[in-house]
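**Student:** One structure, as structure tokens, below. Some questions next.
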Amino acid sequence: MKAITTERIPIKMWAESIEDSAMQQAKNLANMPYSYRHIAIMPDSHAGYGMPIGAVLATQDVIIPNAVGVDINCGMIAVKTDLKADVMKYHIVEDIMKRVERDIPVGFSQHKEKRENNVLEQMKDNLNDNSIVNAEYEKSMYQLGTLGGGNHFIEMDAGSDGYVWLMLHSGSRGIGNKVGTFYNKMAIADNEEHYLKNTVDAELPFLLEKSPIGINYIMEMQYCVVYANISRGLMMQDFIKDFQEVIPGTKILDLVRIDHNFVEREGHFGKSLWIHRKGAVPAFPGIKGIIAGSQGTSSYIVEGKGNKESFMTCSHGAGRVMGRKEAVRKLNLSEEQEKMKGIYNNMNSQQALDEAPSCYKDIDQVMQQQEDLVDILVKLTPLGVVKG
């Protein structure tokens with residue numbers, strides 16, 4: 001970790017280097033009047049909207065919607081099966097992943113029938129009738145248990161522990177986007193009304209936690225956190241079902257879940273703080289987590305070390321080095337497909353290069369840069385991948 005001390009509060013970096021635009025966003029964060037103690041930058045960090053992805057912000061009495069983002073509680077879940085990885089041949093992986101493609105809608109697709117959920121219905125009923133959640137509820141029930149697009153994936157891996165792992169990465173679908181977008185606009189309007197031009201110009205407007213709009217955001221954000229976790233659980237159930245159709249009797253030995261893109265109250269440095277983790281995940285001492293690579297490289301099951309200087313946080317993945325449009329323009333499809341040789345995948349068009357392996361940092365270098373944040377438990381090597 002290195003510290004930059006030229007701004008109002010320090011920027012503590014676990015990244016050896018980041019793009020200029022991400023560094024400027026980190027400096028903007030460090031100079032905001034609400035930012036507390038220091039900004040933490042993870043090794044996968046790159047530019048986002050307002051706040052870099054792969055960053056941690058602490059505040060005391062305000063919430064910043066853009067420090068959470070619009071894919072609220074994007075996160076990962078992984079399960080360890082009792083099946084030995086050395087028995088998995090390509091045709092078996094292909095059979096399972098084609099069933100996954102059949103059963104789990106990806107991209108803009110959704111289920112033909114609603115997937116009702118009592119927990120979400122009860123949470124919705126506790127919100128205002130004019131809430132974003134209530135307005136989007138019916139539509140969101142068709143998207144519950146669907147993957148979405150972007151960097152979301154469903155993946156089968158061979159673990160360094162000798163077992164097959166199933167893993168997926170998904171978020172809160174359209175409802176999280178609507179909630180995040182709406183409350184960021186409300187924060188802009190509020191800050192402009194009170195002549196807080198610097199927060200708006202930096203795309204970092206805030207809401208007071210005890211204001212009516214701040215309270216509503218927290219409640220709707222928390223709904224999206226639960227929605228995303230339930231959605232991941234449903235997809236993993238479908239993934240396991242498809243796996244067991246091909247290999248009957250397979251048992252689950254372990255389960256790991258981890259979230260990013262959320263804000264919650266935590267105790268750090270003797271204070272009760274709002275910790276915003278955007279593209280960064282908790283790494284509390286002794287707690288397991290997941291750090292994903294690209295679809296052509298390894299991912300890791302890790303255990304947090306509880307490093308206080310990072311607000312007990314680590315990276316959520318490898319981090320992008322190339323924008324989506326740039327990747328589609330510049331990368332060579334056959335060369336990227338060669339990097340995926342032996343891995344079942346759906347990277348079969350020029351447009352799909354927005355998630356090619358070359359879009360991402362070297363995951364092993366990223367892991368080296370955060371050795372004081374996590375311990376590696378299991379290395380996961382991809383066997384089959386379905387991208388959103």
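The values are calculated or read from the model by the stated rules, or taken from the named source; none is laboratory data. In this text, all values refer to a predicted model and were calculated from it rather than measured experimentally. Every residue, glycine as well, gets a Cβ built from its backbone with ideal geometry; the counts of neighbours run over all protein chains shown. The area values use the complete protein model at the heavy-atom level, side chains included, leaving out ligands, DNA and RNA. Shrake-Rupley method; radii C 1.70, N 1.55, O 1.52, S 1.80 Å.
**Student:** May I ask for the net charge around Y227, where only other residues with Cβ less than 15 Å from the Cβ of Y227 are counted and Lys, Arg are +1 while Asp, Glu are -1?
**Tutor:** Combined, the nearby Lys, Arg, Asp and Glu give 0.
**Student:** Then there's this: Quick one: net charge of E303's neighbours, Cβ under 10 Å, K/R +1, D/E -1?
**Tutor:** With Lys, Arg at +1 and Asp, Glu at -1, the neighbours total +1.
**Student:** A further question on this structure: Students often forget the sequence filter, so: which aspartates and glutamates lie under 14 Å Cα-Cα from K27 once same-chain residues fewer than 8 apart are removed?
**Tutor:** Reachable aspartates and glutamates: E7, E19, D201, E203.
**Student:** Ranked from the most accessible area to the least, with a 1.4 Å probe and all protein chains present, what is the order of M1, M221?
**Tutor:** M1, M221
**Student:** From the phi of every residue in the stretch 39-56, what ³J(HN,Hα) in whole Hz does the Karplus formula 6.51 cos²θ - 1.76 cosθ + 1.60 yield, where θ is phi - 60° and glycine or proline is x?
**Tutor:** Running phi through 6.51 cos²θ - 1.76 cosθ + 1.60 with θ = phi - 60° gives 9, 10, 10, 7, x, 9, 5, 7, 5, x, 8, x, 10, x, 6, x, 9, 10 Hz.
**Student:** Also: Calculate the tail of P(r) for the stretch 1-158: the fraction of all Cα-Cα distances greater than 19 Å, expressed in %.
**Tutor:** 69
**Student:** Right, another one. What's the angle, to the nearest 10 degrees (0 to 90), between helix 90-103's Cα axis and the longest principal axis of the chain?
**Tutor:** 50
**Student:** Relative contact order for the stretch 151-221 using alpha-carbon pairs under 8 Å, separation at least 6, rounded to a whole percent?
**Tutor:** 22
**Student:** Considering only the other residues whose Cβ falls under 14 Å of the Cβ of C314, what net charge follows from Lys and Arg at +1 and Asp and Glu at -1?
**Tutor:** Its environment carries a net charge of -1.
**Student:** Any idea what the dipole of the chain comes to, in debye rounded to 20, about its Cα centre with Lys/Arg Cβ at +1 and Asp/Glu Cβ at -1?
**Tutor:** Here the size comes out at about 80 debye.
**Student:** Checking the cross-link filter: which aspartates and glutamates have an alpha carbon closer than 20 Å to that of K241, excluding same-chain neighbours under 8 positions apart?
**Tutor:** D82, E94, D95, E101, D103, E113, E116, E155, D157, D254
**Student:** So which chymotrypsin sites (Phe, Trp or Tyr not before Pro) in the stretch 96-175 end up in coil per DSSP with only 13 or fewer other C-beta atoms within 10 Å? It would help to have the intermediate numbers written out before the result.
**Tutor:** On the way: sites: F108, Y137, Y142, F153, Y163, W165; in loops: F108.
Of the chymotrypsin sites (Phe, Trp or Tyr not before Pro), the ones in loops of the stretch 96-175 whose Cβ has at most 13 other Cβ atoms within 10 Å are F108.
**Student:** Next question. Taking GluC sites (Glu not before Pro) as exposed when DSSP calls them loop (any state but H, G, I, E, B) and at most 12 other Cβ atoms lie within 10 Å, what is the longest stretch of the chain free of them, the sites themselves excluded?
**Tutor:** Numbers: sites that count: E16, E113, E116, E371.
Longest gap between qualifying sites, sites excluded: 117-370.
**Student:** Which whole-number percent gives the relative contact order of the stretch 200-348, counting Cα pairs below 8 Å spaced six or more residues apart? All intermediate terms of the calculation are to be shown ahead of the outcome.
**Tutor:** Numbers: 146 pairs, mean separation 20.1, N = 149.
In percent, rounded to a whole number, it is 13.
**Student:** How high is the relative contact order of the chain? Use alpha-carbon pairs under 8 Å, at least six apart in sequence, and give a whole percent. Let's see the in-between values first.
**Tutor:** Numbers: 895 pairs, mean separation 90.3, N = 388.
Result for the chain is 23 percent.
**Student:** In addition: Where a Cα-Cα gap under 26 Å defines reach, which lysines qualify for K341, not counting those fewer than 8 residues away within the same chain?
**Tutor:** Counting by Cα, and skipping residues close in sequence, K341 has these lysines nearby: K80, K84, K89, K98, K325, K330, K361, K379, K387.
**Student:** Only helical DSSP H runs with n ≥ 4 go in: add -39500 (n - 2.57) per run for the chain, normalise by residue count and round the 222 nm mean residue ellipticity to 500 deg cm²/dmol.
**Tutor:** Estimated from H runs of four or more residues: -10500 deg cm²/dmol.
**Student:** So if I place +1 on the C-beta of Lys and Arg and -1 on the C-beta of Asp and Glu, and nothing else carries charge, what would the dipole magnitude of the stretch 29-97 be about its Cα centre? I want it in debye, nearest 20.
**Tutor:** Numbers: 4 positive and 7 negative charges, 43 e Å.
About 200 debye.
**Student:** Compute the helix-to-body angle for 173-193: its Cα long axis versus the longest principal axis of the chain, expressed 0 to 90° and rounded to tens.
**Tutor:** 10
**Student:** Return the loop-located trypsin sites (Lys or Arg not before Pro) in the stretch 197-242 (DSSP other than H, G, I, E, B) with at most 14 other Cβ atoms within 10 Å of their own Cβ; answer none if there are none.
**Tutor:** Passing sites in the stretch 197-242 are K210.
**Student:** For the chain, take the longest principal axis of its alpha carbons; what is the angle in degrees between that and the long axis of helix 212-246, to the nearest 10 within 0 to 90?
**Tutor:** With both axes taken from Cα atoms, the answer is about 10 degrees.
**Student:** Sticking with this structure for a sec: For a quick check of your reading of the filter: which chymotrypsin sites (Phe, Trp or Tyr not before Pro) in the stretch 261-365 sit in a DSSP loop and have no more than 15 other Cβ atoms within 10 Å?
**Tutor:** Values: sites: F262, F269, W274, Y300, F311, Y344, Y360; in loops: F269, F311.
In loop regions of the stretch 261-365 (DSSP not H, G, I, E or B), the sparsely surrounded chymotrypsin sites (Phe, Trp or Tyr not before Pro) are F269.
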